[in-house]
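Worksheet: one structure, shown below.
The values are calculated or read from the model by the stated rules, or taken from the named source; none is laboratory data. This is a predicted model, so every value here is computed, not measured. Cβ placement follows ideal geometry from the backbone for every residue including glycine, while neighbour counts extend to all protein chains displayed. These area figures cover heavy atoms from the full protein model, side chains too; ligands, DNA and RNA do not enter into them. Shrake-Rupley method; radii C 1.70, N 1.55, O 1.52, S 1.80 Å.
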Amino acid sequence: MKYTIGEVSEALNLSREMIRYYEKNGVLKLSRDSANNYRSYEIMDIFWLLESLQYRAWGVGIKEIQEVRKENFHLRTADLFQKYARELEKEILIKTLLKERLEKISINMRTSFYNLGNIHIQYIPAYYTFHLVDGHGDEYERINVRKQIRDTLFTNERIGFLDSGILIHNHSQEWIMMIEEKYMNMLKIPVMEGMYYEEGGFYICMNADIGEIGKMDLSQGRKLQDYADEKGLQTHGQLRGVLTGRGEVNGVFRRIMEMRLKIIF
């Protein structure tokens, strides 16, 4: 029994253009009805096409479909599906981690303004940092990131796990990028030259609005040391911050940063 392209399109819920695409790539053999020169298909063509649609849904490339049907197809197909299963496993891991991270960021964004000026103590997990750029207020030097770090972390797959941070000195600042040790391990990211490790620990924290561009104000960070002195807490290391978000609120550009000061109990 012969089928027209319209009948195949209706049977498989597939556009005629897509059927022609599969023809062009060798999945279907083009034949013509001798009576009217229209495209015609055998039932086996439909079986091949249906199977190919399943392969494509599993992530198999259209060129690979032709390859797995050659000699020892059972081994070729098994190897190919195993390869895509591993890739899918990796994708699921990344998506799961991103979901967890985005939910956390969403909560931080939503509550950031309500927590402005509120001092609290929280545990910060271990993370790695690397240098981005030095600055004095809102005047910055040239961005300088090692090539290996750029090539490894500034990718679509990994850049979403980075946070923007700052190390605050007396008269200058060092802007850094940060990534939790958990993500480094789970994504199998190597520790590279130029990366620095910060052990997990307890920090005195406070959300602060550091001002519009050109009017950076980091002075609120002093409140954390004052709080530590008041409570008799021993601090360790320098004042730092993590950017929560920046953008306009009621027509005013705002920059919200979580200021942090590490303590030792």
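I'm checking my understanding of the structure. Among residues of region 119-165 that are part of a helix (DSSP H, G or I) and in contact with a helix residue (DSSP H, G or I) (Cβ under 8 Å, 6 or more places away or on another chain), which one is surrounded by the most Cβ atoms within 10 Å (Cβ to Cβ)?
L153
Since A228 meets every condition but one in (1) of a type in the set (A, V, I, L, M, F, W, C); (2) assigned to a strand (DSSP E or B); (3) more than 15 Å from A126 (Cβ to Cβ); (4) open to solvent by less than 20 Å² (accessible area, probe 1.4 Å), which condition does it not meet?
Among (1) of a type in the set (A, V, I, L, M, F, W, C); (2) assigned to a strand (DSSP E or B); (3) more than 15 Å from A126 (Cβ to Cβ); (4) open to solvent by less than 20 Å² (accessible area, probe 1.4 Å), A228 violates only (2).
Can you go through E212, E248 and tell me which one is of a type in the set (D, E), out of contact with any helix residue (DSSP H, G or I) (no Cβ under 9 Å at 6 or more places or on another chain), under 25 Å from E103 (Cα atoms) and surrounded by fewer than 18 Cβ atoms within 10 Å (Cβ to Cβ)?
That would be E248, the only listed residue that is of a type in the set (D, E), out of contact with any helix residue (DSSP H, G or I) (no Cβ under 9 Å at 6 or more places or on another chain), under 25 Å from E103 (Cα atoms) and surrounded by fewer than 18 Cβ atoms within 10 Å (Cβ to Cβ).
Of all residues in region 187-225, which are of a type in the set (G, A, S) and more than 23 Å from P125 (Cα to Cα)? Quick ask: steps written out before the conclusion?
Our first condition is that a residue be of a type in the set (G, A, S); within region 187-225, this holds for 194, 200-201, 208, 211, 214, 219, 221.
Within region 187-225, G211, G214, S219 meet the criteria.
Could you tell me whether any residue of region 19-36 is assigned to a helix (DSSP H, G or I), surrounded by 15 or more Cβ atoms within 10 Å (Cβ to Cβ) and out of contact with any strand residue (DSSP E or B) (no Cβ under 9 Å at 6 or more places or on another chain)?
yes
For region 59-99, enumerate the residues that are in a helix (DSSP H, G or I) and small (G, A, S).
A78, A85
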